[in-house]
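A.B. asks: Take a look at this one; I'll ask things after.
The values are calculated or read from the model by the stated rules, or taken from the named source; none is laboratory data. All of these numbers come straight from a predicted model, not from anything done at the bench. Here the Cβ is made from the backbone with ideal geometry for all residues, glycine too, and neighbour counts use every protein chain on show. When the accessible area is computed, the model is the full protein with side chains, heavy atoms only, and any ligands, DNA or RNA have been set aside. Shrake-Rupley method; radii C 1.70, N 1.55, O 1.52, S 1.80 Å.
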Amino acid sequence: MLKVGLTGGIGAGKSEVSRLLVSYGAVLIDADRIAREVVEPGTPGLAAVVEAFGPAVLAADGTLDRPGLGAIVFSDPDKLATLNRIVHPLVGARSAELEAAAGPDSVVIHDVPLLTENGLAALYDLVVVVDAAPETQLDRLVRLRGMTPQEAYARMAAQADRDRRLAVADLVIDNDGPLEDLEPQVRKVWAELVERAGR
């Protein structure tokens, strides 16, 4: 099994890269998706978040009000750290279960947005960083995700800067250009991963 950490700044295009890798045969473990799972209604994770931040973080239907919680934590580093202390261990435990279920010859892609910030590079056989210039990230967040520039800057500022991310990379996928430039790069990275998995 080859364990790969996949990361990139918000708006860099990591989701598209992971989608392509899955289409080639990778097993994907998506930390963001798991982070949503572990705070679904009825979970200990949601109970802990409500205990830390109060019932105002719940929507009327009892689910987590993610935009409301985001507005609280992305403007306050201490509150973000509190949220991370609740969610990250739960995500780690679930990720380990999913990894154990993958076959021994698998290329397992761990899609981890905060890999650099949380010092997780050493957990993987290698790290792939999807890279885009901050201006590109900002444009995508505003144009494609409907964020205001202020919201986009706050999300970007809560993550490691580009240099720190690139410093942990074994392989870099440049996603500054149009979508059609991405696929050949990802295919080349996939060939490299398959070769390493076979060693």
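A.B. asks: Which one of VAL186, VAL172 is in contact with a strand residue (DSSP E or B) (Cβ under 7 Å, 6 or more places away or on another chain), farther than 19 Å from ASP32 by Cα and not in a helix (DSSP H, G or I)?
C.D. replies: It is VAL172.
A.B. asks: Hey, among the residues in region 120-161 that are in contact with a strand residue (DSSP E or B) (Cβ under 8 Å, 6 or more places away or on another chain) and part of a helix (DSSP H, G or I), which one's modelled with the lowest pLDDT?
C.D. replies: Within region 120-161, the match that is modelled with the lowest pLDDT is LEU123.
A.B. asks: When you scan region 35-57, do you find a residue that is acidic (Asp, Glu) and either at pLDDT below 95 or in contact with a Pro (Cβ under 9 Å, 6 or more places away or on another chain) (or both), even just one?
C.D. replies: Checked region 35-57: no residue is acidic (Asp, Glu) and either at pLDDT below 95 or in contact with a Pro (Cβ under 9 Å, 6 or more places away or on another chain) (or both).
A.B. asks: Still on this model: Quick check on region 25-45. Is at least one of its residues farther than 19 Å from GLU97 by Cα and in a helix (DSSP H, G or I)?
C.D. replies: No, because not a single residue in region 25-45 is farther than 19 Å from GLU97 by Cα and in a helix (DSSP H, G or I).
A.B. asks: Within region 171-193, is even one residue closer than 30 Å to ALA71 by Cα, within 15 Å of the chain's Cα centre (by Cα) and open to solvent by less than 30 Å² (accessible area, probe 1.4 Å)?
C.D. replies: Looking for residues that are closer than 30 Å to ALA71 by Cα, within 15 Å of the chain's Cα centre (by Cα) and open to solvent by less than 30 Å² (accessible area, probe 1.4 Å), one finds none in region 171-193, hence no.
A.B. asks: Condition first: at pLDDT 95 or above, under 12 Å from the mean Cα position of the chain (by Cα) and open to solvent by 40 Å² or more (accessible area, probe 1.4 Å). Now tell me which residues in region 17-34 satisfy that.
C.D. replies: Listed by number, the list holds a single entry, LEU28.
A.B. asks: Could you grab me the full set of residues in region 143-170 that are crowded, with 17+ Cβ neighbours inside 10 Å, aliphatic (A, V, I, L, M) and over 25 Å from VAL4 (Cα atoms)?
C.D. replies: Within region 143-170, MET147, ALA152 meet the criteria.
A.B. asks: Which of the following residues is more than 18 Å from the chain's Cα centre (by Cα) and open to solvent by 50 Å² or more (accessible area, probe 1.4 Å): GLU37, GLU51?
C.D. replies: Answer to the check: GLU51.
A.B. asks: For region 46-95, which positions are farther than 23 Å from ALA152 by Cβ, of a type in the set (A, V, I, L, M) and not in a loop (DSSP other than H, G, I, E, B)?
C.D. replies: Residues satisfying the conditions are LEU46, ALA47, ALA48, VAL49, VAL50, ALA52, ALA56, LEU58, ILE86, LEU90, VAL91, ALA93.
A.B. asks: Looking at region 2-19, can you tell me whether even one residue there is part of a helix (DSSP H, G or I), over 22 Å from ASP161 (Cα atoms) and touching a residue at least 24 places away in the same chain (Cβ under 8 Å)?
C.D. replies: No, because not a single residue in region 2-19 is part of a helix (DSSP H, G or I), over 22 Å from ASP161 (Cα atoms) and touching a residue at least 24 places away in the same chain (Cβ under 8 Å).
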